[in-house]
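Peer 1: I am attaching a structure below and will ask some questions about it afterwards.
The values are calculated or read from the model by the stated rules, or taken from the named source; none is laboratory data. Please read all numbers here as calculations on a predicted model, not as lab measurements. Every residue, glycine as well, gets a Cβ built from its backbone with ideal geometry; the counts of neighbours run over all protein chains shown. Areas reflect the complete protein model, heavy atoms only, side chains present, ligands, DNA and RNA absent. Shrake-Rupley method; radii C 1.70, N 1.55, O 1.52, S 1.80 Å.
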Amino acid sequence: MTSEKPIDLPAPGLGDEYFMREAISLARAAECLGEVPVGAVVVLDGRIVGRGFNSPIGEHDPTAHAEIAALRDAARNLGNYRLPGCELYVTLEPCAMCAGAIMHARISRVIYGARDPKTGVHGSVVDLFGVERLNHHASVAGGILADECSAMLSAFFAGRRRKAQ
Ligand SMILES: [Zn+2]
């Protein structure tokens, strides 16, 4: 059955950059569809078991964030609504909705790229992952390939501003 105890995991290593690059390529897929470029993968034992990208506009779905899509994909692939032992890589600091989903899924570790000063809940706006009464599962590491992740977002918004003029 699922373990309720946090799992000891190694410090960020080379693997983190590899999987973040996968998340970045999914973010680029979102960008091609005119969505804000955010991508995510779920990894279990060094293998990608779920992929997702941001698609709220195309899906007419305010919940269609990259993390939610990747969690749904992983849960379907693994045949389990809980994902203990899984790691979630996402190019942008999670929002409150996604942090909730990450906790419900029992994700063991979250690795994100750029900070999100507007909606990030790993300390940028609030620190939901730091609230022990809420979160007994996920350890969180930020700043993996952060420059690349935030440059992608900046370029996207700059392009959109240009089009709006
Ligand atoms: Zn979110």
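Peer 1: Kindly write out, for the range 93-99 in residue order, the coupling ³J(HN,Hα) from the Karplus curve 6.51 cos²θ - 1.76 cosθ + 1.60 (θ = phi - 60°), rounded to whole Hz, with x marking Gly and Pro.
Peer 2: Along the range 93-99, the couplings run 3, x, 8, 5, 4, 5, 4 Hz.
Peer 1: Please arrange ASP73, ASP147 by accessible surface area, largest first, computed with a 1.4 Å probe and ligands excluded. Walk me through the numbers before you get to the answer.
Peer 2: Working: ASP73 40, ASP147 125 Å².
Result, largest first: ASP147, ASP73.
Peer 1: Next question. Express the carbon and sulfur contribution to the solvent-accessible surface of the range 1-142 as a percent, rounded to the nearest whole number, probe 1.4 angstrom.
Peer 2: Values: 4000 of 7200 Å².
Accessible surface attributable to carbon and sulfur in the range 1-142 totals 56 percent.
Peer 1: Using alpha carbons only, how many degrees (0 to 90, rounded to 10) separate the axis of helix 146-164 from the longest principal axis of the chain?
Peer 2: Orientation of helix 146-164: about 30 degrees from the principal axis.
Peer 1: Just to confirm the number: angle between the C-alpha axis of helix 14-32 and the first principal axis of the chain, 0 to 90 degrees, nearest 10?
Peer 2: With both axes taken from Cα atoms, the answer is about 40 degrees.
Peer 1: List the residues, sorted by chain then number, that are 5 or more residues from SER139 or on another chain and whose placed amide H is less than 5 Å from its amide H.
Peer 2: Under 5 Å from the amide H of SER139 lie the amide H atoms of ARG109, VAL110, each far enough along the sequence or on another chain.
Peer 1: Of ILE48, ILE68, which has the most accessible area and how do the rest follow, probe 1.4 Å? Intermediate results must be reported in sequence, preceding the final value.
Peer 2: Numbers: ILE48 40, ILE68 20 Å².
Ranked list, largest accessible area first: ILE48, ILE68.
Peer 1: What number, in percent, do you get for the relative contact order of the chain if the mean sequence gap of Cα pairs under 8 Å and at least 6 apart is divided by its residue count?
Peer 2: Values: 347 pairs, mean separation 32.6, N = 165.
Worked out over the chain, it gives 20 percent.
Peer 1: Between PHE157 and ASP45, what FRET efficiency comes out of the Förster formula 1/(1 + (r/R0)^6) with R0 = 30 Å and r the beta carbon distance, rounded to 0.05?
Peer 2: Numbers: r = 36 Å, r/R0 = 1.21.
It comes to 0.25.
Peer 1: For n ≥ 4 DSSP H runs only, could you compute -39500 (n - 2.57) per run for the chain, divide by its residues and tell me the 222 nm figure to the nearest 500? Please report the intermediate quantities before stating the final value.
Peer 2: Values: 5 runs with 64 residues, N = 165.
After summing the helix terms and dividing by residue count, I get -12000 deg cm²/dmol.
Peer 1: When all protein chains stay in place, what accessible area (Å², nearest 10, 1.4 Å probe) is found for GLU148?
Peer 2: Probe radius 1.4 Å; accessible area of GLU148 about 70 Å².
Peer 1: Skipping prolines and chain starts, which residues have an amide H placed within reach, meaning under 5 Å, of the one on CYS86, given they are 5 or more residues away or on another chain?
Peer 2: For CYS86, whose amide H was placed from the backbone, the distant partners under 5 Å are SER108.
Peer 1: Roughly how far apart, in whole Å, are the Cα centres of the range 63-88 and the range 27-41?
Peer 2: 17 Å
Peer 1: Continuing with the same structure: Run through the range 46-141 and list the chymotrypsin sites (Phe, Trp or Tyr not before Pro) located in a DSSP loop whose Cβ has at most 15 other Cβ atoms within 10 Å. It would help to have the intermediate numbers written out before the result.
Peer 2: On the way: sites: PHE53, TYR81, TYR89, TYR112, PHE129; in loops: TYR81.
Of the chymotrypsin sites (Phe, Trp or Tyr not before Pro), the ones in loops of the range 46-141 whose Cβ has at most 15 other Cβ atoms within 10 Å are TYR81.
Peer 1: If you take every DSSP beta bridge fully contained in the range 23-115, what fraction is antiparallel? Give it as a percent rounded to 5. Walk me through the intermediate numbers first.
Peer 2: Numbers: 10 of 15 bridges.
Percent antiparallel among DSSP bridges in the range 23-115 is about 65.
Peer 1: Could you work out how far apart the two model spin labels at ASP61 and LYS118 are, taking each label as a point 7 Å from the Cα in the direction of the beta carbon, and quote it in nm?
Peer 2: 2.2 nm
Peer 1: Quick one: Karplus J couplings for the range 116-126, per residue in order, coefficients 6.51, -1.76, 1.60, θ = phi - 60°, nearest Hz, x for Gly and Pro?
Peer 2: 10, x, 8, 9, x, 10, 10, x, 5, 10, 9
Peer 1: Looking at the chain, what % of its DSSP beta bridges pair antiparallel, to the nearest 5?
Peer 2: Values: 11 of 19 bridges.
Given both bridge residues lie in the chain, the antiparallel proportion sits at roughly 60 percent.
Peer 1: Let me ask another. Residue by residue, what Karplus-based ³J(HN,Hα) values in Hz, rounded to whole numbers, does the range 75-85 have, using 6.51, -1.76 and 1.60 with θ = phi - 60° and x for Gly and Pro?
Peer 2: 4, 5, 5, 8, x, 8, 6, 10, 10, x, x
Peer 1: Kindly report the accessible area of the chain per residue (heavy atoms of protein chains, probe 1.4 Å, no ligands, DNA or RNA), in Å². Write down the numbers at each step before the final one.
Peer 2: Values: 8800 Å² over 165 residues.
Ligands and nucleic acids excluded, the result is 53 Å² per residue.
Peer 1: Also, quick follow-up: Taking every pair of alpha-carbon atoms in the range 22-165, what share in percent sits in each 10 Å bin, from 0 to the bin with the longest distance?
Peer 2: Calculated P(r), rounded to whole percents: 13, 45, 34, 7, 1.
Peer 1: Then there is this: Label VAL126 and ARG82 with points 7 Å out from Cα along Cα→Cβ: what is the distance between them in nm?
Peer 2: Rounded to a tenth, the inter-label distance reads 2.5 nm.
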